[in-house]
Amino acid sequence: MQLRKTLGAAALVATAVMASVAGCSGRDDGDNEPTPDAGCSGACNQDAGSDAGSDAGSRECPAPVNGMGPIGNLKKDGQRGQVVDMDNLVVTAVKDFDQGAQGDYIARFWVVDPCFPKEGIYVDKFYKDKESATATDFVPAVGDVLRIKGWFRKFNSNGRDGAPELREAYRPVLKSTYLLNVTGVSTGDMIISKKGSGQVIADNEVAAGFGNAELGAATPSPELGGARIHIPGPLTVTNVRPPSMKSQPDNPANTTYLGIEVTGGILVSTSKTYKAPNCKIMETVDDGGTVTFPKGIRGVWETFTNVQCSDAGTTPLPDGGTTTRCNAYADGVVPGTTNKYTYVLHPMDCDTDLSTAP
């Protein structure tokens with residue numbers, strides 16, 4: 001992640017989560033599976049194992065409800081702690097994953113129902129989120145076909161209910177009950193069953209002029225949140241330091257920016273690409289060059305916010321850096337605005353999603 005060592009809020013959360021992977025022990029996300037059909041949303045009462053390897057694209061699609069599919073309706077009307085059972089979901093992008101000593105995984109990724117490819121949702125998978133305690137775990141890959149039984153929430157305003165990164169505050173997500181804290185909802189793990197692989201979901205094409213975040217003050221096209229899209233080109237980088245994506249907006253000494261802006265006011269996260277050797281966007285612009293994407297850009301259209309914390313001093317790190325300790329975490333807001341969050345493009349690589357090839 002493009003975070004300086006002084007950005008302690010996110011670093012501390014990431015450290016705590018990653019530490020629990022080693023040896024597959026640590027935090028307890030609960031021991032009970034979600035009760036089927038208890039407030040269920042989506043395609044319920046299906047056998048996750050009966051059609052393993054089936055083609056998710058060959059099934060008969062359900063009729064839209066309120067003009068939307070199951071994920072769209074869930075994100076619009078779903079309640080925190082609502083049990084979800086959705087089948088034939090396809091992985092469209094993998095944000096990150098980490099393998100524990102026992103071979104199982106923590107992973108974060110996006111899925112869609114192929115019948116409603118514009119409706120995506122983020123999934124936060126802990127190592128226990130599998131068919132059974134003894135089942136072989138897997139790392140999600142693009143094209144995997146899954147059944148997911150878990151719980152819906154939107155990460156709370158400061159992301160302190162288990163968001164892997166605090167800038168994911170407010171984001172809709174499927175997750176276990178870890179830090180859910182809803183009265184009447186019993187604790188439990190998600191059940192993620194892999195049914196097949198190799199399903200290709202085309203990126204959603206959007207029209208030219210799409211995605212103007214208005215310097216972070218707007219929330220453009222929320223109906224595409226969580227879905228992969230292709231924004232047509234040519235597009236040119238207009239700002240490698242957009243104020244709305246500064247990691248520590250109140251720290252004049254901080255020089256870390258979490259993304260760029262391109263033609264039309266579109267904000268683009270660089271958390272997955274800034275280290276890539278073929279993606280030296282900031283360096284090129286700083287040297288007086290121009291970066292253009294002739295065929296446009298691709299990625300997941302998803303939320304972005306900035307959660308800050310009050311300073312409680314620093315803690316030394318083994319490599320000589322420091323991590324900021326926090327007294328309290330504020331609600332997320334887009335720097336320079338009063339907007340809680342905006343939508344930005346999250347590319348996964350520089351070979352396809354941010355390619356400058358003609």
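Taking the conditions (1) more than 30 Å from T263 (Cβ to Cβ); (2) touching a Ser or Thr at 6+ places or on another chain (Cβ under 9 Å); (3) among the hydroxyl-bearing types (S, T, Y) in turn, S197 satisfies each one other than (2).
Inside region 115-136, residues that are crowded, with 22+ Cβ neighbours inside 10 Å and not basic (K, R) make up a count of 9.
Could you tell me whether region 248-263 includes any residue that is more than 30 Å from D144 (Cα to Cα), in a loop (DSSP other than H, G, I, E, B) and within 21 Å of the chain's Cα centre (by Cα)? Yes, some residue in region 248-263 is more than 30 Å from D144 (Cα to Cα), in a loop (DSSP other than H, G, I, E, B) and within 21 Å of the chain's Cα centre (by Cα). Residues in region 83-105 that are of a type in the set (A, V, I, L, M), buried (at least 19 other Cβ atoms within 10 Å of the Cβ) and within 10 Å of the chain's Cα centre (by Cα): A93 alone.
In region 154-163, the qualifying residues are those that are touching a residue at least 40 places away in the same chain (Cβ under 8 Å) and crowded, with 24+ Cβ neighbours inside 10 Å, and the one that is farthest from T187 (Cα to Cα) is G159.
Any residue at all in region 173-183 that's touching a residue at least 60 places away in the same chain (Cβ under 8 Å) and more than 21 Å from the chain's Cα centre (by Cα)? For region 173-183, residues touching a residue at least 60 places away in the same chain (Cβ under 8 Å) and more than 21 Å from the chain's Cα centre (by Cα): present. When residues in region 129-178 are screened for being under 15 Å from V307 (Cβ atoms) and either part of a loop (DSSP other than H, G, I, E, B) or out of contact with any Asp or Glu (no Cβ under 9 Å at 6 or more places or on another chain) (or both), 17 of them pass. Being more than 21 Å from E165 (Cβ to Cβ), without any contact (Cβ under 8 Å) to a residue 24 or more places away in the chain and of a type outside the set (V, I, T) narrows it down to one residue among A101, A135; which is it? One residue alone meets the criteria, A135. In region 318-341 there is no residue that is among the polar types (S, T, N, Q), under 18 Å from the mean Cα position of the chain (by Cα) and under 30 Å from G296 (Cβ atoms).
Table: residues versus (1) closer than 16 Å to G296 by Cα; (2) crowded, with 19+ Cβ neighbours inside 10 Å.
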position: G209; (1), (2): yes, no
position: S221; (1), (2): no, no
position: I229; (1), (2): yes, yes
position: P232; (1), (2): yes, no
position: V237; (1), (2): yes, yes
position: P249; (1), (2): no, no
position: T256; (1), (2): no, no
position: I266; (1), (2): yes, yes
position: Y274; (1), (2): no, yes
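Consider region 187-228. How many of its residues are of a type in the set (V, I, T) and either part of a helix (DSSP H, G or I) or farther than 26 Å from K175 by Cβ (or both)?
Our first condition is that a residue be of a type in the set (V, I, T); within region 187-228, this holds for 187, 191-192, 200-201, 206, 219.
Filter again for either part of a helix (DSSP H, G or I) or farther than 26 Å from K175 by Cβ (or both), leaving 200, 206.
Total satisfying the criteria: 2.
Among the residues of region 209-222, some residue qualifies, meaning at least one is more than 23 Å from Q308 (Cβ to Cβ) and at pLDDT below 95. Comparison of R108, R80, R147 shows that the only residue that is within 14 Å of the chain's Cα centre (by Cα), modelled with pLDDT of 95 or more, assigned by TED's automatic domain parsing to the domain that holds K175 and of a type in the set (K, R) is R108.
For the structure I just gave you, tell me whether S269 is assigned by TED's automatic domain parsing to the domain that holds G299 and in contact with a His (Cβ under 7 Å, 6 or more places away or on another chain). When the stated conditions are applied, S269 passes them.
The values are calculated or read from the model by the stated rules, or taken from the named source; none is laboratory data. Quick caveat, the model's predicted, so the values are computed rather than measured. Heads up, the Cβs are rebuilt from the backbone with ideal geometry, glycines too, and the neighbour counts pull from every protein chain shown.
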